[in-house]
Every structure is written in structure tokens, then in C-alpha cells.
1. Considering ASP150, ASP139, which residue is within 21 Å of ARG92 (Cα to Cα) and modelled with pLDDT of 90 or more?
2. Given segment 16-66, what helices (runs of 4 or more DSSP H) lie entirely inside it while holding 1 or more residues that are small (Gly, Ala, Ser) and modelled with pLDDT under 80?
3. State all residues of segment 75-97 that are closer than 19 Å to GLY143 by Cα and either in contact with a strand residue (DSSP E or B) (Cβ under 8 Å, 6 or more places away or on another chain) or of a type outside the set (D, E, K, R) (or both); if no residue qualifies, say none.
4. Would you confirm, using the coordinates I've provided, whether THR67 is closer than 30 Å to ARG107 by Cβ and either hydroxyl-bearing (Ser, Thr, Tyr) or in contact with a Gly (Cβ under 8 Å, 6 or more places away or on another chain) (or both)?
5. Inside segment 144-174, can you point out the residues that are free of Cβ contacts under 8 Å to residues at least 12 places away in the same chain and either among the hydrophobic types (A, V, I, L, M, F, W, C) or surrounded by 10 or more Cβ atoms within 10 Å (Cβ to Cβ) (or both)?
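The values are calculated or read from the model by the stated rules, or taken from the named source; none is laboratory data. Just so you know, these numbers come straight off a predicted model, no measurement behind them. Cβ sites come from the backbone with ideal geometry, for glycine too, and all protein chains shown count toward neighbours.
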Amino acid sequence: MLACGLATHYSPNASVPLIEEQLGKLAAKDFSVMETFLTGFGQTANPSERSVLHRMNTLNKCFGHATVEEIVDSLESEAARTKDDWCISTVRKLREAPPLSLKVSLRSIREGRFRTLEQCLDREYRMTLRAISRQISNDFCEGVRARLVDKCFPPKWYPPCLEQVPEDMVDAYFALPDAYEPGLELPSKLREAFP
């Protein structure tokens, strides 16, 4: 979480009840007061040898490409060069995943960097509706059937490989909702940063 920028401080689980208790008594609306408060409970994170923090150079090098095909090629090259178990495992998992979903996921991540949380949640909701309703592809249902129901591997994805995924299929996941698609109503107007 720290490496991804989704967390600003680290505290062990044992400290959480005390942090919650003290946080409830904090009556400040100034973020700098909150920052000082959290810093007082923070500790240095000591990630294990297997942590993603030790792979940031590899992640940036391999996942910084524009397309899924380039990412997979880069990971395959890195795996061949280093014989690193993480790279080998990651390539295997990407090769097992639905090609269309890989392209949709990459686009969603890239576009999400420039959206608010509410916009991202709304888009993910619409994408999920389209996936489970089979409007664009049967991959979600095929994955459930193959892995959870019949337990027969591998699933039959459509399109079957990255190179055969047309851009219009990816675009369909990001299209604006039609009049019959239920919208996502978030209680964002009711929420405040501080009471």
C-alpha cells in the first residue's frame, strides 16, 4: 500500500484499537494535525524479501509499456534473463487470464489515474454490469464455469489471444450507460472529511 501511494503511514495491527480510540477524540479539521497524529503512531515498514517494494524497478520496467502485449513480452524477457520466480509466475498468470479482461483492466487503471474515486467506482460498476450480463463477451461466465463449476482447465476465452482483441470490444466496456442500465448512486454528498 505504501509503494502504491495508497497508504501514508504504517502501524502494526495491535496499534489499531488505540489509534481508533485516540482518533475519535481528535477534534481537528486541519489535515496537518491529522498528519502529526498519525506520524506519532507510525513505524518503519520492514517488508519481507518477497515484498513488491523490492521489485519496483522490475515493475516499472515491465509494466510501464503502453499495451498488454508489450507488458507480457517485457515480463517474458525479464523472466528468461533473470529466472526470477515472481516474473515466471506473473507471466503464467497473465497467459491464463482472459485477453479481453487484461486489455480492459489496463485501460481502466491508466484512465483511473485521472478520475475521482466516485468516477472510478461508477465506471467499474458499469464495466461489471457489462461483464456479468454478457453484453460484450462471455468470458466472466466462462471463467466461473471452467474454474468453479466444472473445474476443467483451461477456460475458452473469446477472443482467445491478445492479438485478436479488437479495440471496439474494449471500448464497449467504457461506453456511457444507456437508458436501461441501472446507475450507481453513491452517498458522496452526505460524506464529509471530518465531522
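1. Matching residue, one of ASP150, ASP139: ASP139.
2. Passing ranges, in order: 16-25, 31-41.
3. THR90, VAL91, LEU94, ALA97
4. Yes, satisfied.
5. Result: VAL144, ARG145, ALA146, ARG147, LEU148, VAL149, ASP150, CYS152, PHE153, PRO166, ASP171.
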